Amino acid sequence: MLPKADLFPDPNLPIIETLNDHADSDTPRDYSLLVDGPWGTGKTYLIKKFIEGRGAKEEDRPLYISLYGIKDVEELDSEILTSLYPRLNGKGARLASFVGKTLLKNVRIDLDDFKKGLTAGGGGIEIGGFKLLETSPKGRIIIFDDLERCAIPPGVLLGHIHQLIDDGKNRVILVANETEIAQDDSAALSEYKKAKEKTVGFSLTLQSDFNGAFSAFVSEMSDPTYRLFLDDAKLRIAELPVHTSEINLRVLKRAITAFEILFSYIDENLKKKKYWLGIQDIFLNVYMAFILTREDHVSIEVLNNEALQKERRYTYFSSRRHESTIATPLSDAMRQVRERYTFDFLKASAISFPVLHDLVCHNHVNPEALNADLSKHSSFNPPISWPAWRKLYTYWDLAPDEFVSALNSFKEDFIKRVYVSIDDILHSFSVYLQMKESMPEKFPLDDKMSQFTSYVDDVIRSKSELLDCSIDSNGDNENRSSSILGYQSEGHGQFSDEFAQAKEMLIHKIREGKVSRIAKNAEDFFDKTKDNPDLFDELLVSNASRKAPYARIPILAEIDYKLFSRHLVDLDPVTRKRFLATLFNRHDLTRNLNDEQIRKEKSWLDRVRTEMIDLFGKESIQILKDSYIDTVKKYINPCIPEMNE
């Protein structure tokens, strides 16, 4: 369903009304109006909207002059002349280059007389068959845009413009980001303020108009299907809380323009409307990438999940007792971005980082890589293979018979415990809550939490692989794919509390299940982790981004210390250090001083230390033997009470 226009009221209608009142007044106005606002808030769009409303008659047409890059008053006068007589534009870009004092003197016209003609009118002079001076005494509306981008000193510029409003007949409108005027030149800023007092009567502060600007951006796109897609995505884009007060419309326009390239390369079978929800998530990902790189000025690498994992490993293995963890600029940026923008589509994008990087940084798309990514993602699987919860997720797109069929299938799947992954379980329950709230007569299932609890218990008993999943500190599945969709129940009033309880219960039961099988799985634990230091760390040590399933469970004490020690001694030195670093972070007394559960592993750790030192003592090369033994002591000694007494 497309959003209604009144969902996006134009906050700048009073400004347009003020501009029209200023333009239409018969009372002489010897001052100009200043339309002020930060870059990207839509000032130029508002002015174009104002111009369009002035009518098609030549005498009503405002003169529009962009001051961007204008170096001196002669060039400015040339731009005014070109704007006043647009029919000359066909011959000349030439005219703009040679109009000025030289041309006017050659035809015996004084430039000062010309400027007087703008306000007072004249008898009419022809050059090349075109009349160059207006004969009507009626004043003109003259708009000067990009005031802060003009190379003429701002005080001089306003003084020159003031000549056009001296007699009060012309109507001058200035457009600027005033905070950028003479920002680094206090003298020039002082002169500007003095000239402003004489030239500017009122300043009008602009607010971002999402609705108007978005519609204008969409209308500029050449692909009609892409325009329909953007209209369909409008509400999701508008509700994205990327700013506290305003939307940077310039960044949004760049994202929309760039995404048209990607949209054009999507396989036609994947571009159908039934896949638009997934494509919208990709657009939001691209839009956020533009915000991060163009507005926040951080590296796009913060969206590179592989880089994030490397940064986590780097900061982790650089840790030392009594020293703060070393943070790199990229890891700091990643942390800040994830704190500020906690959106699922940033964590589980349907497109790979190289595709995102090429589009945002190089305005380029590799069609083969793009469509390969999409074909692997759950959002672009044929609907016939979608689970019933996924069909109900977008129930508004279903015909009545399709809805009834999907609802019946969903109930049956729920009863048969078909959904067994964390994502599918949570999504199914979010849809369950939505259906229960929206249509209780068609969904007469009572006691929601007991239904969900029994569902989770049944799945854990029958699908033990659920206990092998990796979950972060927030209880989120780090390897999720479908959660890019978001959960249907979030933000729906009473749903949110119930959903939070259900999610907490699910994660608690998964962790309980992990604990309950600890004794019988110690040997299996060692087999799975002995050649994988990342997994070893993930299962044993919690950090800011995850909760380790065995963080407080003494599973290491169940492993043969001699077998473990021999294995570490046989590893290459770099990998060995990574295992030892995990032991340090798990057992360092400054971190687990009062943890009785973990203290049960201390004697095991002491035996590992002694065994490894004995084994390294057999090394024939003295310098290596000393180095290896020092490394063992460096990591393990701080973790054993006896070594610190």
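State whether one or more residues within the range 529-547 are in a helix (DSSP H, G or I), modelled with pLDDT under 85, crowded, with 19+ Cβ neighbours inside 10 Å and hydrophobic (A, V, I, L, M, F, W, C).
Checked the range 529-547: at least one residue is in a helix (DSSP H, G or I), modelled with pLDDT under 85, crowded, with 19+ Cβ neighbours inside 10 Å and hydrophobic (A, V, I, L, M, F, W, C).
Output the residue which, of all residues in the range 289-306 that are part of a helix (DSSP H, G or I) and touching a Ser or Thr at 6+ places or on another chain (Cβ under 9 Å), is modelled with the highest pLDDT.
293
Can you run down the residue pairs with Cβ atoms below 6 Å, 6 or more apart or on separate chains, where the first is in the range 442-467 and surrounded by 12 or more Cβ atoms within 10 Å (Cβ to Cβ) and modelled with pLDDT under 70 and the partner is in a helix (DSSP H, G or I) and basic (Lys, Arg)?
Matching pairs, first to second residue: 443/436.
Which pairs have Cβ atoms under 7 Å, sit 6 or more apart or on different chains, and link a residue in the range 263-280 that is of a type in the set (A, V, I, L, M) to one that is modelled with pLDDT under 90 and surrounded by fewer than 18 Cβ atoms within 10 Å (Cβ to Cβ)?
277/394
For residue 418, only one of the following conditions fails: (1) out of contact with any Ser or Thr (no Cβ under 7 Å at 6 or more places or on another chain); (2) at pLDDT 75 or above; (3) within 21 Å of residue 274 (Cβ to Cβ). What is its number?
Condition (3) is where residue 418 drops out.
Tell me, which helices (runs of 4 or more DSSP H) lie completely within the range 583-639 with 1 or more residues that are at pLDDT 85 or above, open to solvent by less than 40 Å² (accessible area, probe 1.4 Å) and closer than 23 Å to residue 535 by Cα?
Numbers: elements: 589-592, 596-599, 602-616, 622-636.
In the range 583-639, the matching helices (runs of 4 or more DSSP H) lie at 602-616, 622-636.
Conditions tested, residue by residue: (1) at negative phi; (2) touching a Leu at 6+ places or on another chain (Cβ under 7 Å); (3) open to solvent by 60 Å² or more (accessible area, probe 1.4 Å).
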position	(1), (2), (3)
172	yes, yes, no
191	yes, no, yes
233	yes, no, no
263	yes, no, no
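Which residue pairs have Cβ atoms closer than 8 Å, lie 6 or more positions apart in sequence or on different chains, and pair a first residue in the range 183-210 that is closer than 28 Å to residue 253 by Cβ and in contact (Cβ under 8 Å) with a residue 12 or more places away in the chain with a second residue that is among the polar types (S, T, N, Q) and part of a helix (DSSP H, G or I)?
Note: pairs meeting the criteria are 204/18.
With the range 40-116 as the region, which helices (runs of 4 or more DSSP H) entirely inside it contain at least 1 residues that are β-branched (Val, Ile, Thr) and modelled with pLDDT of 60 or more? Before the answer, list the steps.
Working: elements: 43-52, 73-84, 93-98, 101-106.
In the range 40-116, 43-52, 73-84 are the helices (runs of 4 or more DSSP H) which contain 1 or more residues that are β-branched (Val, Ile, Thr) and modelled with pLDDT of 60 or more.
Could you count how many residues in the range 207-224 are assigned to a helix (DSSP H, G or I) and loosely packed, with under 15 Cβ neighbours inside 10 Å?
Step one: list which residues in the range 207-224 are assigned to a helix (DSSP H, G or I), which gives 210-219, 224.
Filter again for loosely packed, with under 15 Cβ neighbours inside 10 Å, leaving 219, 224.
Qualifying residue count, the range 207-224: 2.
Those residues that are out of contact with any strand residue (DSSP E or B) (no Cβ under 6 Å at 6 or more places or on another chain) and under 23 Å from residue 296 (Cβ atoms), I need them from the range 22-43; list them, please.
Matches in the range 22-43: 37, 38, 39, 40, 41, 42.
Going by the conditions given, is residue 552 open to solvent by 30 Å² or more (accessible area, probe 1.4 Å), at pLDDT 80 or above and not acidic (Asp, Glu)? It would help to see each step written out before you state the result.
Working: open to solvent by 30 Å² or more (accessible area, probe 1.4 Å): yes; at pLDDT 80 or above: no; not acidic (Asp, Glu): yes.
Here the answer is no, as residue 552 does not meet what is asked.
Considering the range 149-158 alone, what residues qualify as being in a helix (DSSP H, G or I) and either at pLDDT below 90 or surrounded by fewer than 18 Cβ atoms within 10 Å (Cβ to Cβ) (or both)? Show your work before the answer.
First, pick out the residues of the range 149-158 that are in a helix (DSSP H, G or I): 149, 154-158.
If the condition is that a residue be in a helix (DSSP H, G or I) and either at pLDDT below 90 or surrounded by fewer than 18 Cβ atoms within 10 Å (Cβ to Cβ) (or both), then 149, 156 are the ones that fit.
The values are calculated or read from the model by the stated rules, or taken from the named source; none is laboratory data. The model shown is predicted, which means the values in this text are computed figures rather than measured ones. Don't worry about glycine lacking a Cβ; one is built from the backbone with ideal geometry, like all the others, and counts go over all protein chains shown. These accessible areas exclude ligands, DNA and RNA; they are computed on the full protein's heavy atoms, side chains included. Shrake-Rupley method; radii C 1.70, N 1.55, O 1.52, S 1.80 Å.
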